[in-house]
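The block underneath contains the structure these notes are about, expressed in structure tokens.
The values are calculated or read from the model by the stated rules, or taken from the named source; none is laboratory data. Remember, it's a predicted structure, so these values are computed and weren't measured experimentally. Glycine gets a Cβ as well: all are built from the backbone with ideal geometry, and neighbour counts include every protein chain shown.
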Ligand code: SF4
């Protein structure tokens, strides 16, 4: 019996010729990631370990993104702790205000994640890098500390669900609709402990930004990782962003999958996840009349250039509805600059939206757009849990940038015209 | 190894890390402070009612959502001795083991046990005993190396002892 793509990457990093689902292995890591919330806890733990510094100063990435520029004294102290650790250990990939971006938008752009890599990050959306053909998964701070100290992590080899993509999505349908549709089908624990391996002729019709968005939300189906096969789009992206040589792994023809799910991209409709779980999906024609108070376009799910381009296409020359706050947050400094050069920022401001410096901010209810009691928000982020963006009785509706922008104009949840 | 015994607090499916410890408190990483907000968004009285040794019982996908280790840390620091659930979200599962919070998967126990029951968990055998009703359940025992991590009170000590 053959191996899945994920199993092949894990086997290679555990120096084994073969692994099977359920096997416990110890794998070598190509990158260990942490942010301003999880790194301080990991630093505290590594200080308790009897180790001499970190395993590799180039293979650790520390990104200050959740509460920066610092929202209060405690967050400032956390960043200071990470900054001092980075300095002391001479960490190459430390990204602070001025160079930072939201970690999962930033690291691919910096060329730090490429095909064939084995990556852990103390952030659940570390699964994003599967879009580039890497195995990457979220862990906690103690795992991050052990990873920074030893360059290794333990894993239980996952089984997989095969997601066969066919057809071509229509104009306003993006990666977000694909993944919301899938989570709606299988539920928030539908892929628990397993890999989501995307495949099929439809893959070529999804851009790298679409794939990053899809893998980003694999965790919202409970998956250990999401992963795409490596094709010309992947190789081109990696070449443009990294000087390292990618390693291409393919699933064996006789790899075993727990199940196969087929998604026809050509018939997908704009999809919205209702409060308070990403699995509560409805297509745009089933949404009904829901007035909103706020729109957020950004995050590690949808703060990339194509997302802003889609928002611009819809907002340009129009006005955000009265009583709606529309907050747009480019994912990285570079995306911000590209949006500026493309004229999007002017269009957004003229439409009555605000544009923020890159930050996670409202996505996790940090700052920059917290909801009051009973307020409703259409957001391109990835979680709509109780209280995620503010008051416990506020409501988050997850959607694509196209739906978010269209809703900002009408003041209710709307599809793009 | 050890066993846990305590009074049960019941929760349902998909208890996410945002309700276990809301992000607005993540500007702290002090276990004691985190414990004072444990479960706040789903049960305001939890922290006032919980006492050392108590047990959480929940259904599917406990701990889904963010990777914040603050979630099992808050639960452990609140005094909870064990979490029993039908299934755990995978990052929560790792984190709990890595920080030394015992957790055990058992569908029958998760379906049956009621709020306020007194429950006993034997970590070595995976046997869960409901002392209130007298029923026993066989939970999934940990693989050996995970038992070692828990016995060392977490991954850090485990690495140091290796
Ligand atoms: S944007 Fe949101 S989901 Fe992404 S890393 Fe930041 S807080 Fe987490």
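Within the stretch A:373-393, the residues that satisfy the criterion of being over 20 Å from residue B:68 (Cβ atoms) and either within 23 Å of the chain's Cα centre (by Cα) or touching a residue at least 24 places away in the same chain (Cβ under 8 Å) (or both) are A:375, A:376, A:377, A:378, A:380.
For the stretch A:42-49, state whether one or more residues are surrounded by 23 or more Cβ atoms within 10 Å (Cβ to Cβ), within 13 Å of chain B (Cβ to nearest Cβ) and under 23 Å from the mean Cα position of the chain (by Cα). Yes, there is a match, as at least one residue in the stretch A:42-49 is surrounded by 23 or more Cβ atoms within 10 Å (Cβ to Cβ), within 13 Å of chain B (Cβ to nearest Cβ) and under 23 Å from the mean Cα position of the chain (by Cα). Could you grab me the full set of residues in the stretch A:68-123 that are under 28 Å from residue B:93 (Cβ atoms), within 16 Å of the ligand (Cβ to nearest atom) and in a loop (DSSP other than H, G, I, E, B)? Of everything in the stretch A:68-123, those that are under 28 Å from residue B:93 (Cβ atoms), within 16 Å of the ligand (Cβ to nearest atom) and in a loop (DSSP other than H, G, I, E, B) turn out to be A:102, A:112, A:113, A:122, A:123. Restricting A:205, A:216 to residues that are at pLDDT 95 or above, buried (at least 24 other Cβ atoms within 10 Å of the Cβ) and more than 12 Å from chain B (Cβ to nearest Cβ) narrows the list to A:216. In the stretch A:397-416, the condition of being touching a strand residue (DSSP E or B) at 6+ places or on another chain (Cβ under 8 Å) and within 14 Å of chain B (Cβ to nearest Cβ) is met by at least one residue. Of all residues in the stretch A:312-333, those being buried (at least 23 other Cβ atoms within 10 Å of the Cβ), under 13 Å from residue A:345 (Cα atoms) and within 16 Å of the ligand (Cβ to nearest atom) number 3. Of the helices (runs of 4 or more DSSP H) contained entirely in the stretch B:46-144, those carrying at least 2 residues that are within 13 Å of the chain's Cα centre (by Cα) fall at B:70-77, B:90-99.
Being crowded, with 24+ Cβ neighbours inside 10 Å, within 13 Å of chain B (Cβ to nearest Cβ) and either in a loop (DSSP other than H, G, I, E, B) or more than 18 Å from the chain's Cα centre (by Cα) (or both) is the filter here, so list the residues in the stretch A:157-187 that pass it. Of everything in the stretch A:157-187, just one residue is crowded, with 24+ Cβ neighbours inside 10 Å, within 13 Å of chain B (Cβ to nearest Cβ) and either in a loop (DSSP other than H, G, I, E, B) or more than 18 Å from the chain's Cα centre (by Cα) (or both), namely A:158. Would you pick out the residues in the stretch B:73-108 that are more than 18 Å from residue B:138 (Cβ to Cβ) and in contact with a strand residue (DSSP E or B) (Cβ under 8 Å, 6 or more places away or on another chain)? Answer for the stretch B:73-108, where residues must be more than 18 Å from residue B:138 (Cβ to Cβ) and in contact with a strand residue (DSSP E or B) (Cβ under 8 Å, 6 or more places away or on another chain): B:75, B:80, B:81, B:89, B:91, B:92, B:93, B:96, B:97, B:101. Look through the stretch A:291-308, keep the residues that are under 15 Å from residue A:210 (Cβ atoms) and more than 12 Å from the ligand (Cβ to nearest atom), and return whichever of them is surrounded by the fewest Cβ atoms within 10 Å (Cβ to Cβ). Step by step, filter the stretch A:291-308, then rank; the result is A:306. Would it be correct to say that residue B:156 is more than 13 Å from every other protein chain (Cβ to nearest Cβ) and either at pLDDT 95 or above or more than 15 Å from the chain's Cα centre (by Cα) (or both)? It is false that residue B:156 is more than 13 Å from every other protein chain (Cβ to nearest Cβ) and either at pLDDT 95 or above or more than 15 Å from the chain's Cα centre (by Cα) (or both). Being out of contact with any strand residue (DSSP E or B) (no Cβ under 7 Å at 6 or more places or on another chain) and within 18 Å of residue A:123 (Cβ to Cβ) is the filter here; which residues of the stretch B:35-72 pass it? Answer for the stretch B:35-72, where residues must be out of contact with any strand residue (DSSP E or B) (no Cβ under 7 Å at 6 or more places or on another chain) and within 18 Å of residue A:123 (Cβ to Cβ): B:66, B:68, B:69, B:70, B:71, B:72. If you take the residues in the stretch B:1-45 that are part of a loop (DSSP other than H, G, I, E, B) and within 16 Å of the ligand (Cβ to nearest atom), which one is farthest from the other protein chains (Cβ to nearest Cβ)? Checked the stretch B:1-45; the qualifying residue farthest from the other protein chains (Cβ to nearest Cβ) is B:21.
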